[in-house]
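Everything below concerns the one structure shown next.
The values are calculated or read from the model by the stated rules, or taken from the named source; none is laboratory data. Owing to the predicted nature of the structure, the values given are computational and were not obtained by experimental measurement. Cβ placement follows ideal geometry from the backbone for every residue including glycine, while neighbour counts extend to all protein chains displayed. Please note that ligands, DNA and RNA were not included when accessible areas were found on the heavy atoms of the full protein model with its side chains. Shrake-Rupley method; radii C 1.70, N 1.55, O 1.52, S 1.80 Å.
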Amino acid sequence: MDLLFDSYADAPDTIVSRSDAPPPSSRPPVRSVDHSGAAPMVQTNFSSIGPLTLAVAPSVAVFDQRTFINPNDRELDINPTFDEMWAPVHGPQHPRATRMNKNTPTGFLEPYNTSKFLFDEQYNTFQTFGYARDPSTNAVVGDLEKYRRNNGDTIVTNTSRRVEKKRARPSGDPGTSDYLGPWAPFADESLAPVGASKEEREEYEKNKPVPKRIRHKPQAPAPGKEEADVPGAEAEEEALPQNKCAPTADDVSTFHGSQLYDYQGRSYIHPPSDLKPRDHHAILPKTRIHTWSGHTKGVSNIRFFPRYGHLLLSAGLDNKVKIWDVYNQRSCLRTYHGHTKGVKDINFNSDGTRFLSSGYDKVVKLWDTETGTCIGNYSMDKIPNVAKFIPGHENQFIVGQADKKLIQWDSNTGAHFLEYTEHLGPVNTVTFVDNNRRFVSSSDDRTLRFWEVGIPVVIKYVAEPHMHSMPAISTHPSNKWFAAQSMDSAIYVYSSVDKFKMNKKKQFKGHMVDGFACKISFSPDGRYIISGDRDGKLYIWDWASCKLYKTMRVHDGVVIGCEWHPIEPSRVATCGWDGSIKYWD
């Protein structure tokens, strides 16, 4: 208080006096005023001082005498009062502050009741017209000009909305070849180039080409009749799309062998003369006899050459596909370049002259095995998880994509002409069953669906509450069963004929594959079934008794693929994410 008095000692006193008061030099001294009271003390003996004189103290700020408590302190050496505990850190006390705990991270949220209809009305009005009313102040927010133009109408009260009529789409007569169906353009739609003048538009509409319906199975000519005499043959030929799947300049291959042909003119893919398919009694492998190292990243899949197995095809995550010699020098014979991302799956055709490779770059490539040339380059909308030739129709193949679709392609025309769209998740596998007349597909939707080849309608649907996703399926050599790798670390067996029921007595367990699409393979005589797992082991079960016969440590990481040799009774090839391919005997 002494500092406060000193600060006001030099300030001029505020004096209120009469107009005839004496000059300041003749005035008596001003009485001291008690600053602690609400009003100053006034001289009451008016007779001695003459005229009335009033001295008023200056305005003094009242300081808060409460103890300040730092909210970050963990310990206090005083006992604060209740008001000191709830006092604001900065500034005056909020007039409407409540001493309640926070119910949100930013403070206390007060409930506000409003009608759901009124809220939806204002919300939809703002989304449609750009303005709405603030419920707290009843003021208009948003586009005021549009509010005045609509006279303040809301989405409910506005009746001037124009109802558009459905545009006509002349699709033609379904009984004729000119039928266009839902692909027909609108009646008032002009296909003239953008920016064309009125005369150019009229000329285009007068001479525009008439589209023709594409038939994927042209009518065959009758015996003794030329193909040109078949009705609609010329129109069908003109309507077929051109092959837009030509290979690019990056689709090349490199030959690493010593010679392409031997002294008899046979190619390097020709099987050895002493290697002939025969029935044999399978024997369990025991030791590693060779390791192929050439991929710089993990190997995602391997395939033996059909029937003979003298060559081994591998798909790597290093964007390359390699083919290896199995019997002679056991070296890499050719490398196929073209994918810009890792290769996910590979599959030979029935005689091994061609193979398909599908990669994470959303491209499926068709290769010639011998020459290494890329025959077709087919772009997909999503990542193709699997691509397989249709047995008996080597110019057609089915691709299972990550967008829940199975698409059937024709390599001759370079176009897809059929879609199987029933799955609810990415398609993982395609396996042909029942003498290749049907195929089964598995998906991440935890179902198995059976289809007729060429008919996009599900003929059998398998879904159980206990089922998991099945990313790998393999057919038994007897063609009566197929085994499916499940994500619950079990292999289940289903019938591949008749009713496609699950064989509840055949289940193979003991390995751990949850989260990995480890492949399955059978011995050629069907006595054993093998599978890799996530811990780098190879598991071998007996088919008849479902007994686990043997476990082998084959790789350092995940064993993603395994293949039993089609002729050799005791040889198995494995691949893993450690980048190596190992051969066991």
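Quick rundown of the values:
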{"read-out": "Around THR154: net Lys/Arg minus Asp/Glu count, Cβ-Cβ under 11 Å", "value": "-2"}
{"read-out": "Two-site FRET efficiency, SER258 against ILE283, from Cβ-Cβ distance with R₀ of 25 Å, rounded to 0.05", "value": "0.15"}
{"read-out": "Carbon and sulfur %, accessible surface of segment 409-552 computed with the full protein complex present, 1.4 Å", "value": "48"}
{"read-out": "Long-range amide H partners of ALA490 with built H, under 5 Å", "value": "none"}
{"read-out": "Residue-level accessible surface for LEU76, protein heavy atoms, 1.4 Å, Å²", "value": "90"}
{"read-out": "Positive-end residue, segment 486-585 charge dipole about Cα centroid, Cβ charges, pick of VAL554, SER521, TYR494", "value": "TYR494"}
{"read-out": "Accessible-area composition of segment 258-343, carbon plus sulfur, in percent [1.4 Å probe]", "value": "47"}
{"read-out": "Accessible area (Å², 1.4 Å probe, nearest 10) - PHE117", "value": "120"}
{"read-out": "Computed over segment 496-585: relative contact order in percent, which uses C-alpha pairs under 8 Å that are six or more apart", "value": "22"}
{"read-out": "Under Karplus coefficients 6.51, -1.76 and 1.60, residue-wise ³J(HN,Hα) of segment 529-535 in Hz, glycine/proline x", "value": "10, 10, 7, x, 8, 6, 9"}
{"read-out": "Amide hydrogen neighbours beyond the local backbone of LYS550, cut-off 5 Å, H modeled", "value": "ILE540"}
{"read-out": "Rounded to whole Hz, the Karplus (6.51, -1.76, 1.60) HN-Hα couplings of segment 366-383, x for glycine and proline", "value": "9, 10, 8, 5, 6, 7, x, 7, 8, 7, x, 10, 10, 8, 10, 6, 10, 5"}
{"read-out": "Listed residues MET467, MET487 arranged by accessible area, highest first, probe 1.4 Å", "value": "MET487, MET467"}
{"read-out": "Potential lengthening between ALA249 and ARG527 on full extension [0.36 nm per residue; Cα-Cα distance subtracted]", "value": "95.4 nm"}
{"read-out": "Potential extension, LEU418-LYS460 segment - 0.36 nm per residue separation minus Cα distance", "value": "13.2 nm"}
{"read-out": "Accessible area of GLU202 in the full protein assembly, 1.4 Å probe (Å², nearest 10)", "value": "110"}
{"read-out": "Amide H contacts of TYR528 (H built 1.01 Å from N, under 5 Å, at least 5 apart or other chain)", "value": "SER523, TRP543"}
{"read-out": "In order through segment 493-509: 3J(HN,Hα) via Karplus (6.51 cos²θ - 1.76 cosθ + 1.60), integer Hz, x for Gly, Pro", "value": "10, 10, 6, 9, 9, 6, 9, 6, 8, 7, 8, 6, 8, 10, 9, 10, 9"}
{"read-out": "Ranking by accessible area, most exposed first, for SER545, SER331, SER357 with a 1.4 Å probe", "value": "SER545, SER331, SER357"}
{"read-out": "Cross-link table LYS341/LYS582; LYS362/LYS460; LYS341/LYS388; LYS404/LYS537, entries beyond 22 Å C-alpha to C-alpha", "value": "LYS341/LYS582; LYS362/LYS460; LYS404/LYS537"}
{"read-out": "Heavy-atom accessible area ranking, 1.4 Å probe, most first, across PHE432, PHE397", "value": "PHE432, PHE397"}
{"read-out": "Extension gain, ASP542 back to MET512 (0.36 nm per residue minus Cα-Cα distance, nm)", "value": "9.0 nm"}
{"read-out": "Summed side-chain charge close to LEU317 - residues other than LEU317 whose Cβ falls under 11 Å, Lys, Arg +1, Asp, Glu -1", "value": "+3"}
